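Data first, discussion second: the structure below is written as structure tokens.
The values are calculated or read from the model by the stated rules, or taken from the named source; none is laboratory data. In this text the structure is predicted, and so the values were computed from the model without any measurement. Cβ: placed from backbone, ideal geometry, glycine included. Neighbour counts: every protein chain shown.
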């Protein structure tokens, strides 16, 4: 997809609920949640729920229970204590009808607080002609270099994930058509990380509005990214 097409998808079919929680609505109306921890009262039921790891800023069992319904597929790392219908290993490919899934390792290079040995993951989802990567919590840029998805959601809180500058370098390596920074604002001192990323990154990027704070989505690529 080109930048205009990806931006349209992001603007009209993706909602961000802060931290790493996003909701994607496919062309057919299927709803895909990733790491939902806090949602509006009228959050629609899920067709798919993807969990990257068990930390409380990515997994809330009560929220998962609220949006699951009969037939909801809950996908999680194999060693995660969660009500998963499908447990995946790092590097595994899986198909759910027309939704293709591949897991990538998500860990901290120093080994804390996300050890590689835990087998926690990020997800590359492909559907409706769109490839979308969600990084979970990670600062392991080499694992995702050269991926080239249409859309990449990268965590940039620092310490638990990429710092802003490390996120910029990771984004260059990933090579997405459009990159969206996430996982900032909740940790003290990170509220402006999205803006810092946008200023430093020389590719196409977009900042999302937290739907819990502003129901109207905004997703405009930077002028630098439009060149």
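Among the residues of region 66-84, those identified as more than 21 Å from residue 143 (Cα to Cα) and modelled with pLDDT under 95 are 81, 82, 83, 84. Taken over region 95-117, the criterion of being within 26 Å of residue 67 (Cβ to Cβ), surrounded by fewer than 18 Cβ atoms within 10 Å (Cβ to Cβ) and either at pLDDT below 95 or over 18 Å from the mean Cα position of the chain (by Cα) (or both) is satisfied by 95, 96, 97, 98.
Checking 152, 166, 171 one by one, the residue that is at pLDDT 95 or above, in contact with a helix residue (DSSP H, G or I) (Cβ under 9 Å, 6 or more places away or on another chain), within 17 Å of residue 10 (Cβ to Cβ) and in a helix (DSSP H, G or I) is 171 and no other. Evaluated against (1) buried (at least 20 other Cβ atoms within 10 Å of the Cβ); (2) modelled with pLDDT under 95; (3) closer than 20 Å to residue 91 by Cα, residue 157 falls short on exactly one condition, (3). Of all the numbered requirements in (1) modelled with pLDDT of 95 or more; (2) surrounded by 16 or more Cβ atoms within 10 Å (Cβ to Cβ); (3) over 17 Å from the mean Cα position of the chain (by Cα), residue 133 misses one, and that requirement is (3).
Can you name every residue in region 125-136 that is in contact with a strand residue (DSSP E or B) (Cβ under 6 Å, 6 or more places away or on another chain) and at negative phi? If you could, list the steps in order and put the result at the bottom.
From region 125-136, those in contact with a strand residue (DSSP E or B) (Cβ under 6 Å, 6 or more places away or on another chain) are 125-127, 132-136; that's our starting set.
Matches in region 125-136: 125, 126, 127, 132, 133, 134, 135.
Residue 58 fulfils the conditions (1) crowded, with 20+ Cβ neighbours inside 10 Å; (2) modelled with pLDDT of 95 or more; (3) under 22 Å from residue 39 (Cα atoms) except for a single criterion, (2).
Confirm whether residue 163 is surrounded by fewer than 23 Cβ atoms within 10 Å (Cβ to Cβ) and within 13 Å of the chain's Cα centre (by Cα). Before you say what the answer is, go through the steps one by one.
Numbers: surrounded by fewer than 23 Cβ atoms within 10 Å (Cβ to Cβ): yes; within 13 Å of the chain's Cα centre (by Cα): no.
No: the conditions fail for residue 163.
Evaluated against (1) under 19 Å from residue 160 (Cβ atoms); (2) modelled with pLDDT of 95 or more, residue 92 falls short on exactly one condition, (1). Just one of (1) over 25 Å from residue 7 (Cα atoms); (2) surrounded by 15 or more Cβ atoms within 10 Å (Cβ to Cβ); (3) out of contact with any helix residue (DSSP H, G or I) (no Cβ under 8 Å at 6 or more places or on another chain) fails for residue 139. It is (3).
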